[in-house]
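Before we start, here is the structure in question, set down as structure tokens.
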Amino acid sequence: MHTITKIFRKRVSSTNIFAASLIADGNSTEPFWIRTDDQYAGRGQGAHTWKTEPGKNLTGSLVIFPDGLQGAAQFFLSMTFSLAAADFLSLFTDQVKIKWPNDLYVNGEKIGGILIETSILGNYLHHAILGIGININQEIFPATIPNPLSLRQISGQNYDLEEMEDLFLESFRNRYRYLEAGNRDTIRKEYLEKMLRFDQPGRYKASEREFTARIVDVNEFGYLILQEDSGVMQEFAFQEVEYLF
């Protein structure tokens, strides 16, 4: 991967939105990363928002222009980015897991989230905006946020966000090499190994029905494949099934 240009803005509504505006202006066709101290209208998956205390966490968006990656294979990019984030967190703590499709958990508590937005030109990805928020130094969270966790809460240490930024980007470069080399089997295997509840019984809800099942696979399009106690196999797209804790 080419050098990643780093951009810092003290305050933006959303790093993904800011990244999209730079792409629309035609200012770049090379990878760049935007970080902010204060994202006051951050977005999560679906209709969710991402709330963070200013100056405390790693909040940013990485923009890449993949070469020859088909749009139908974009979930491999999602897995790659999720694994890079898990690698980064594993430098500081154990028991890092990825909750499908790309939330980050440590010991059953959420420490980060990812929002990926892509643009397809023909059959190929033109660009991807890989947004991420990881709780680093924050200790007090709004009561409306379920089971939040930060690295500072785990270790009691305070972390330099510029240093964390560099470590995260290096983790991504290392993981992205697998995708560039076409090592999709390795990416998928390691993603499954990092998945929260992989091959373990858990409670889920879909179409107003609660049931117990095991995660047995994720297909190349990102569908979650569950096997119920009865042996019945089902596959779900994002937001079609809910984890119950």
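Go through the range 80-138 and give me each residue that's farther than 24 Å from T186 by Cα, in contact with a helix residue (DSSP H, G or I) (Cβ under 8 Å, 6 or more places away or on another chain) and hydrophobic (A, V, I, L, M, F, W, C).
I111, I120, I134, I136
Quick check on this structure: which one of L244, L149, L196 is closer than 22 Å to T59 by Cβ, in contact with a Lys or Arg (Cβ under 8 Å, 6 or more places away or on another chain) and among the hydrophobic types (A, V, I, L, M, F, W, C)?
Details: L244 fails: closer than 22 Å to T59 by Cβ; L196 fails: closer than 22 Å to T59 by Cβ.
After applying the criteria, what remains is L149.
Give the residue that is surrounded by the fewest Cβ atoms within 10 Å (Cβ to Cβ), with candidates limited to residues of the range 175-216 that are in contact with a strand residue (DSSP E or B) (Cβ under 7 Å, 6 or more places away or on another chain) and acidic (D, E).
E210
Please go through the range 79-96 and pick out each residue that is at negative phi and surrounded by fewer than 20 Cβ atoms within 10 Å (Cβ to Cβ). Quick ask: steps written out before the conclusion?
Step one: of the range 79-96, the residues at negative phi are 79-94, 96.
Result: D87, S90, L91, F92, T93, D94.
Also, I was wondering about something else. Of all residues being charged (D, E, K, R) and more than 21 Å from S82 (Cα to Cα) in the range 215-235, which is modelled with the lowest pLDDT? Just the residue, please. Give the derivation first.
From the range 215-235, those charged (D, E, K, R) are 217, 220, 228-229, 235; that's our starting set.
Still in the running and more than 21 Å from S82 (Cα to Cα): 228-229.
Working: E228: 97, D229: 92.
In this case the residue turns out to be D229.
Looking at P142, P146, can you tell me which residue is touching a residue at least 60 places away in the same chain (Cβ under 8 Å), loosely packed, with under 12 Cβ neighbours inside 10 Å and of a type outside the set (V, I, T)?
Numbers: P146 fails: touching a residue at least 60 places away in the same chain (Cβ under 8 Å).
Of the residues listed, the single one that is touching a residue at least 60 places away in the same chain (Cβ under 8 Å), loosely packed, with under 12 Cβ neighbours inside 10 Å and of a type outside the set (V, I, T) is P142.
Table: residues versus (1) under 16 Å from the mean Cα position of the chain (by Cα); (2) buried (at least 16 other Cβ atoms within 10 Å of the Cβ); (3) closer than 30 Å to G202 by Cα.
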residue	(1), (2), (3)
E30	no, no, no
Y40	no, no, no
K51	yes, yes, yes
A72	no, no, yes
F76	yes, yes, yes
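I would also like to ask the following. Identify all residues within the range 115-143 that are in a loop (DSSP other than H, G, I, E, B), among the polar types (S, T, N, Q) and more than 17 Å from Q39 (Cβ to Cβ); write none if there are none. So that I can check it myself, show each step before the final result.
Here is the first cut: in the range 115-143, the ones in a loop (DSSP other than H, G, I, E, B) are 122-123, 135-143.
In the following step, the residues that additionally are among the polar types (S, T, N, Q) were identified as 123, 135, 137-138.
The answer is N123, and nothing else.
Looking at E165, E109, E139, E180, which one is among the acidic types (D, E) and within 25 Å of G71 (Cα to Cα)? Steps first, answer last, please.
Details: E165 fails: within 25 Å of G71 (Cα to Cα); E109 fails: within 25 Å of G71 (Cα to Cα); E139 fails: within 25 Å of G71 (Cα to Cα).
Every option except E180 fails the conditions.
Test L192 against the stated conditions and say whether it is aliphatic (A, V, I, L, M) and in contact (Cβ under 8 Å) with a residue 60 or more places away in the chain.
Working: aliphatic (A, V, I, L, M): yes; in contact (Cβ under 8 Å) with a residue 60 or more places away in the chain: no.
No: the conditions fail for L192.
Let me ask something else. How about the range 223-234: which of its residues are more than 18 Å from the chain's Cα centre (by Cα) and farther than 16 Å from G202 by Cβ? Outline the logic, then answer.
The initial filter retains those residues of the range 223-234 that are more than 18 Å from the chain's Cα centre (by Cα), namely 225-234.
Answer for the range 223-234, where residues must be more than 18 Å from the chain's Cα centre (by Cα) and farther than 16 Å from G202 by Cβ: just G231.
Just checking, does the range 112-119 include any residue being in contact (Cβ under 8 Å) with a residue 60 or more places away in the chain, among the aliphatic types (A, V, I, L, M), farther than 30 Å from T29 by Cβ and buried (at least 16 other Cβ atoms within 10 Å of the Cβ)?
no
Considering only residues that are surrounded by 14 or more Cβ atoms within 10 Å (Cβ to Cβ), of a type in the set (A, V, I, L, M, F, W, C) and touching a residue at least 12 places away in the same chain (Cβ under 8 Å), which ones fall in the range 217-237?
Matches in the range 217-237: V218, L224, L226, F236.
The values are calculated or read from the model by the stated rules, or taken from the named source; none is laboratory data. Being a predicted model, the structure only gives us computed values, none of them experimental. Cβ atoms come from the backbone with ideal geometry, glycine included; neighbour counts cover every protein chain shown.
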